[in-house]
Amino acid sequence: MGTYQTSKCGHCKKTWAFMEYGGDSSCGPPVIKCVHCNGLNRTKMKLYRDMTFFNRLTFWLGRGLIKPIFGLFMIGFGMGILYWQYLTIEDNGQSPMSHMLEINNWFGIIFFHAIAIGVAWLGVSQIRDTFSTKKQVQVMEQIFDENGGFFWSNQQY
């Protein structure tokens, strides 16, 4: 089940993000400054450099291990759809793709190719996102330091 969260200022109650999909991350800015009232709001997040060994381990298990495994699964699922279309044989001795070509079912051909390519692309993007995690953490810490120890609410949300 998905988690939807609304983020708002604890001082002026101005909403920054309304019903966005996502969960609470352990890595992030510990202080967010409201752009409307300049109030400082504390969060439950920590910067990567301030995390304990256990927090870093769980962060990398989620980002560095689970995401690539999910990505490989999605690539395999997309290739499995293409395998089913081209290399399996139905009772009539044809593959599903040749049967769709025979009856001129172009919608089915485009639909199954789009699903297979889309699922495989989702897997590739998950793996590619894993490689940029370290850079994202470094940029986040750089912005935190440049601002003087906080994130503006429009930088985070």
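A short reminder: the numbers here are calculations on the coordinates, not readings from a lab. Every value quoted in this text rests on a predicted model; they were computed, and no experiment measured them. Neighbour counts are summed over all protein chains in view; Cβ atoms, including those assigned to glycine, are modelled from backbone coordinates with ideal geometry.
Taking only the alpha carbons of the chain, we obtain Rg and Dmax values of 22.8, 71 Å in that order.
Taken about its Cα centre, region 4-156 carries a charge dipole of roughly 1000 debye when the Cβ of each Lys and Arg holds +1 and the Cβ of each Asp and Glu holds -1.
Rounded to the nearest 500, what is the chain's calculated 222 nm mean residue ellipticity when only DSSP H runs of at least 4 contribute -39500 (n - 2.57) each, over all residues? Kindly include the intermediate steps, with their values, before the conclusion.
Working: 6 runs with 81 residues, N = 157.
About -16500 deg cm²/dmol.
Restricting attention to the chain, close to 70% of DSSP beta bridges with both partner residues there are antiparallel.
Going by a ≥ b ≥ c, the root eigenvalues of the Cα gyration tensor, does region 19-88 fall in the rounded group (a/c under 1.5), the prolate group (a/b larger than b/c) or the oblate group? Oblate.
In terms of Cα atoms, the Rg and Dmax of region 102-148 work out to 20.0, 67 Å.
Which order do the peptides 136-144, 116-124, 84-92 take when ranked by the mean count of other beta-carbon atoms within 10 Å per residue, highest first? Could you put the intermediate results ahead of the total?
Details: 136-144: 14.7, 116-124: 16.3, 84-92: 10.9.
The most tightly packed comes first, giving 116-124, 136-144, 84-92.
Between Thr58, Leu87, Met97, the Cα set farthest toward the positive side of the dipole of the chain (charges on each charged residue's Cβ, about the Cα centre) is that of Thr58.
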